[in-house]
1. Where in region 537-561 is the amide nitrogen less than 19 Å from a point lying 7 Å along the Cα-to-Cβ axis of Thr499?
2. Modelled label-to-label distance, Asn568 and Asp260, 7 Å Cα→beta-carbon offset: nm?
3. Mind checking the alpha-carbon convex hull of the chain and giving the volume per residue in Å³?
4. Find out how many positive minus negative residues lie around Tyr167, taking Lys and Arg as positive, Asp and Glu as negative, among other residues whose Cβ is under 14 Å from that of Tyr167.
5. Treating only the Cβ of Lys, Arg, Asp and Glu as charged (+1, +1, -1, -1), what charge dipole size does region 502-634 show about its Cα centre? Round to the nearest 20 debye.
6. If the chain between Asp417 and Glu23 were fully stretched, how many nm would it gain, using 0.36 nm times the residue separation less the Cα-Cα distance?
7. Could you give the distance between the Cα centres of region 25-48 and region 70-97, to the whole Å?
8. Considering amide H positions built from the backbone, and no H for Pro or chain starts, which residues 5 or more places from Ala218, or on another chain, come under 5 Å of its amide H?
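The values are calculated or read from the model by the stated rules, or taken from the named source; none is laboratory data. All values derive from a computational prediction rather than experimental measurement. Positions of Cβ are generated from backbone atoms using ideal geometry, with glycine treated the same way; all protein chains shown enter the neighbour counts. All accessible areas refer to the heavy atoms of the entire protein, side chains included, with ligands and DNA or RNA removed. Shrake-Rupley method; radii C 1.70, N 1.55, O 1.52, S 1.80 Å.
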Amino acid sequence: MKGSLVEKILKAHLLKGNLQEGEIQIKIDQTLTQDSTGTMAYLQLEAMDIGPVATERSVAYIDHNMLQQGFENADDHAFIKSCCDKHGILYSKPGGGICHQVHLERFAIPGKTLLGSDSHTPTAGGLGSIAIGAGGLDVAVAMAKGFYYLPVPKVYFIELVGKPKDYINGKDIILTVLEKLSVKGGVGYIMEYGGEGIDHLSVTDRATICNMGAELGATSSIFPSDERTKEFLKAQGREKDYLPLQADEDAVYDKKLQIDLSTIEAKLAGPHSPDNVEEVENLVGMKVDQVCIGSCTNSSYMDLMRVSKILKGKKVHPDTSLVISPGSANILHLMAENGALATFISAGARILEAGCGPCIGMGQAPKGGGVSLRTFNRNFKGRSGTMDAKVYLVSPETAAMSAIAGTVQTAKGWSFDIEEPLDYGKNDGYFVEPRFQDKIEMGKNIKPFPIVKPLEDQIDKKCILKVGDNITTDDICPSNAKLLPYRSNIPYLSKFSFTTIVDDFSERAKKDGGIIVAGENYGQGSSREHAALIPLFLGIKAVIAKSFARIHRQNLINNGILPLVFKNKKDYDKVEEGDQIHLVKVKEIIKNGGELLCQLPEKGEEITLIFDGSCREREILEFGGYLNYAKKKG
Ligand code: MIC
Ligand code: SF4
């Protein structure tokens with residue numbers, strides 16, 4: 001990484017370790033939380049018994065659980081707000097916008113580090129921050145102590161050359177990267193973008209690209225900070241935050257890929273994976289039941305103004321529903337003033353408040369078997385709220401064209417000529433400054449989190465579930481309008497675990513806990529700790545996989561569940577659902593390192609497993625989770 005942008009920022013934030021290998025501790029300048037992971041993060045912060053946060057800026061956004069069908073979500077909001085008041089955290093009310101979009105507009109700073117309890121936190125890389133998604137507990141520790149641990153990342157340089165056609169969006173570019181690298185192509189890397197092609201990309205296009213770096217499995221994604229960054233910050237009234245930043249000419253990278261932007265045509269990702277990419281052209285004419293425009297990927301002012309240009313004077317097709325959710329209240333405000341909102345309404349679009357909305361299944365579930373085109377970043381099975389819906393991820397331009405036609409269309413040949421505003425204005429109506437009051441408001445929706453038991457030396461459990469590659473956290477802990485209100489209630493949520501795959505996982509686990517066996521990239525997707533807290537609650541002792549997604553692996557360790565990998569990936573075939581699994585000398589090997597022997601007594605087989613963790617991670621497992629570790633270590 002010598003001379004890379006990543007190296008420069010990490011070096012300036014390095015507290016422990018070195019940038020050659022192993023684990024590093026870095027200083028965290030900013031944190032963000034959102035409400036559906038936030039309650040857990042703040043419960044954990046409370047358990048740490050601290051005063052004001054140690055960061056330069058911490059913000060708590062309410063953007064996910066905004067449907068208030070009952071008291072549950074409102075209870076959670078009140079709890080989070082009281083924690084903000086106590087610890088000096090800025091609170092962004094529901095309606096203020098999606099955490100990543102608002103943070104980009106108002107707080108992200110080139111060269112700073114940001115840790116967020118949401119996997120799409122790297123969106124701020126569009127402005128030159130090193131922004132990383134993590135579990136709530138890691139973010140709580142960052143708020144309390146101002147640091148975060150991560151394995152030294154490798155750096156993947158994506159050189160962008162050429163000029164994209166005017167109808168091409170950052171979304172088409174990142175879908176092109178996903179097509180080439182897949183949902184696990186970025187695991188272990190920070191994706192660093194550069195090359196003359198970036199001059200043609202607005203900050204929000206860059207943010208779209210960084211946002212979906214999460215779908216590559218990357219630790220983060222980052223663009224240099226240049227004249228376009230300066231213009232954006234100036235228009236946001238934050239020119240003082242500008243800092244030019246770029247890699248050295250002779251920077252060294254672990255991997256490189258060159259993409260010629262001029263050759264890219266509109267892309268889509270078909271059901272049910274963001275890397276199931278093909279050209280939109282191939283599906284032109286396919287009937288579309290629903291179109292959703294928004295999410296932290298594509299809800300910027302520039303995106304929505306392009307949509308407005310397409311919709312101007314047109315009507316949404318009679319058989320299609322168009323839903324638009326702006327990324328921030330500020331964008332909604334600008335569009336109310338410049339007439340774009342009126343264009344949407346005249347076209348027959350449904351306008352939602354600024355927030356995540358349908359992206360996390362909070363309403364607007366498509367009809368049974370329906371085709372939904374969404375400008376979002378994830379199309380995992382069931383995430384829309386309709387199990388058999390066919391969700392395609394597209395750009396806002398493709399979405400708007402298709403909404404009018406009622407069938408898949410591209411914006412090929414369109415020219416938009418939309419300028420960024422010189423002054424975005426500042427809508428502060430949704431921010432609440434902390435009032436440093438001590439009283440925590442704990443509603444009855446908030447249940448205590450499960451307690452981690454100390455590591456046992458022998459584990460003798462059944463393999464109660466064997467799954468394939470790329471299992472998502474949406475499989476482990478499904479999220480939709482019915483379940484999101486229970487993010488503070490693990491016992492209730494646990495009943496729905498893995499229902500995208502089997503009906504009775506929680507029943508299987510209830511008997512005597514168990515072990516899960518999985519393929520590659522287990523736990524991809526969200527940062528939700530619930531995907532570790534539920535297995536913890538259900539008595540899962542270990543997950544044995546070919547490989548793990550970064551955030552989920554850390555969440556398992558933080559919650560005292562062993563993430564073990566097969567030494568020989570072929571051994572995956574030897575274990576079957578229902579097999580008894582016997583792990584010996586667990587404590588000793590986790591503590592001191594070495595290979596872990598796994599016996600399958602009914603088959604008379606033995607396989608070798610590895611825990612490939614840092615000394616700190618070994619201690620966390622030994623002490624029974626990160627909270628216990630943090631308490632013991634002071
Ligand atoms: C998501 O897009 O999957 C979420 C919902 O934003 C999650 C966080 C969560 O599960 O609450 C994420 O991306 O981390
Ligand atoms: Fe919200 Fe969707 Fe972005 Fe997650 S991906 S933060 S649910 S808008």
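1. Under 19 Å, as judged by backbone N against the label point of Thr499, lie 537-539 of region 537-561.
2. Here the answer is 4.6 nm between the modelled labels.
3. 137
4. -2
5. Computed charge dipole of region 502-634: roughly 720 debye.
6. Residue separation times 0.36 nm, minus the Cα-Cα distance, leaves 137.2 nm.
7. Distance between centres, Cα-based: 13 Å.
8. Those lying under 5 Å, H to H, from Ala218 are Gly186.
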